[in-house]
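Novice: The following block contains the structure, expressed as structure tokens.
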Amino acid sequence: TEPEKDSMFHCSSYLTNCPWSQASQLLFINTSARKINMATVPPGNLVFLLDVSGSMDMPNKLPLITSGFIKMVKTLRAIDTVSIVTFGETVQVLLEGVPGSEKETIIKAIEKITADGYTPGEAGIRLAYKVVKKRFIKGGNNRIILAADGDFNVGMSTEKDLMALIQQEKQSGIYLSCLGVGSGNYKDSRLYAMSQKSNGNFAYIDNEQEAERVLVTDITKTLFTVAENVYLTVRFNPAVVQHYRLLGYENDNTLLADTIKQLKGGEIGSGHSLI
């Protein structure tokens with residue numbers, strides 16, 4: 001739901017019967033952010049960080065991602081720049097700082113990408129941060145868009161080290177958005193946690209239509225953050241509500257269970273709904 005003209009957010013709630021428990025009810029709370037016109041978004045310094053390891057060599061993984069990025073490139077402006085970093089058998093920079101007006105150059109580079117080898121995720125992430133910092137735009141949208149199945153099997157010895165690296169880099173104003181693809185060895189919680197630690201956002205892509213929605217139709221959600229630290233607090237009246245259970249937030253369990261970390265709000269993109 002689009003917010004009122006004088007508001008950045010709209011919040012609504014719905015209470016319904018619970019189909020699997022007659023003694024319970026379902027409460028749905030939706031907070032949606034205003035959608036910003038792409039023409040007014042600051043210039044983008046974008047790095048496409050693509051997992052091209054052997055585990056991505058499936059119809060519902062790398063081909064889905066490359067198709068989505070090609071469609072996205074067609075929407076970029078001349079003031080946007082694109083760099084492409086891949087990690088698989090090797091970690092390399094395929095393109096660096098190509099203007100959005102040179103769409104054919106970017107698309108040809110994406111079309112040539114193939115999958116093979118291990119998954120040196122740490123090295124890929126480090127190289128992507130190096131590239132985006134080299135071309136940092138003050139006041140611009142400096143962002144890495146990571147597309148992977150989350151199976152980082154070569155690199156840092158612990159996930160905690162990887163999260164520390166990402167959290168450290170966000171201090172410089174660089175966002176990391178994560179796109180998850182595939183199934184089987186797909187590590188959903190890892191990609192989600194990475195995006196949360198870096199002031200970015202997360203989306204799961206499982207078909208062509210979803211890839212187009214995330215990377216084209218709703219591109220402002222992926223590319224532009226309107227609020228970095230959003231909290232939604234719900235208080236129940238104990239005289240009415242005896243107990244409750246939060247549904248659909250299994251990915252947050254790991255983050256919430258670690259009491260050492262300070263709880264933080266989430267990042268919301270332009271036109272993004274928080275449910």
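The values are calculated or read from the model by the stated rules, or taken from the named source; none is laboratory data. Model, not experiment: these values are computed from the prediction. Note that each Cβ is placed from the backbone with ideal geometry, even for glycine, and that neighbours are counted across all protein chains shown. Just the protein is used for accessible areas: all its heavy atoms, side chains included, with ligands, DNA and RNA removed. Shrake-Rupley method; radii C 1.70, N 1.55, O 1.52, S 1.80 Å.
Novice: Any idea what the dipole of region 59-132 comes to, in debye rounded to 20, about its Cα centre with Lys/Arg Cβ at +1 and Asp/Glu Cβ at -1?
Specialist: Working: 9 positive and 8 negative charges, 46 e Å.
In total the dipole reaches around 220 debye.
Novice: Would you mind classifying region 2-154 by shape? Square roots of the alpha carbon gyration tensor eigenvalues, ordered a ≥ b ≥ c; an a/c under 1.5 is rounded, otherwise it is prolate if a/b is larger than b/c and oblate if not.
Specialist: Details: a/c = 2.43, a/b = 1.42, b/c = 1.71.
Because a/c hits 1.5 or more and a/b fails to exceed b/c, region 2-154 counts as oblate.
Novice: Per residue of region 99-104, in order, report the coupling 6.51 cos²θ - 1.76 cosθ + 1.60 (Karplus, θ = phi - 60°) as ³J(HN,Hα) in whole Hz, putting x for Gly and Pro.
Specialist: For region 99-104, the Karplus curve yields x, x, 6, 8, 4, 4 Hz.
Novice: What is the calculated FRET efficiency for Ser21 to Asp116, with r their C-beta to C-beta distance and R₀ = 45 Å, to the nearest 0.05? Walk me through the numbers on the way to the answer.
Specialist: Numbers: r = 49 Å, r/R0 = 1.09.
Approximately 0.35, to the nearest 0.05.
Novice: Okay, moving on. In Å², and per residue, what accessible area does region 1-78 have when probed at 1.4 Å with the other protein chains present? The partial results should precede the final answer.
Specialist: Details: 4230 Å² over 78 residues.
Counting only protein heavy atoms, the per-residue value for region 1-78 is 54 Å².
Novice: Ranking request for peptides 22-29, 141-148, 128-135: highest mean number of other beta-carbon atoms within 10 Å first, then the rest in descending order. Please list the in-between numbers first.
Specialist: Values: 22-29: 11.5, 141-148: 24.8, 128-135: 18.4.
Ranking, from highest mean packing down: 141-148, 128-135, 22-29.
Novice: Then there's this: Multiply the residue gap between Asn30 and Glu89 by 0.36 nm, knock off their C-alpha separation, and tell me the result in nm, one decimal place. The partial results should precede the final answer.
Specialist: On the way: separation 59, 0.36 × 59 = 21.24 nm, distance 4.26 nm.
Extra length available between Asn30 and Glu89 comes to 17.0 nm.
Novice: Still on this structure, please answer the following. Any of Lys108/Lys197; Lys134/Lys160; Lys61/Lys130; Lys71/Lys134; Lys138/Lys170; Lys130/Lys197 with alpha carbons more than 21 Å apart? Name them for me.
Specialist: On the way: Lys108/Lys197 32 Å; Lys134/Lys160 26 Å; Lys61/Lys130 26 Å; Lys71/Lys134 26 Å; Lys138/Lys170 14 Å; Lys130/Lys197 18 Å.
From Lys108/Lys197; Lys134/Lys160; Lys61/Lys130; Lys71/Lys134; Lys138/Lys170; Lys130/Lys197, over 21 Å: Lys108/Lys197; Lys134/Lys160; Lys61/Lys130; Lys71/Lys134.
Novice: Amide H neighbours of Leu95 under 5 Å, at least 5 residues apart or on other chains, H built in the peptide plane: list them.
Specialist: For Leu95, whose amide H was placed from the backbone, the distant partners under 5 Å are Ile84.
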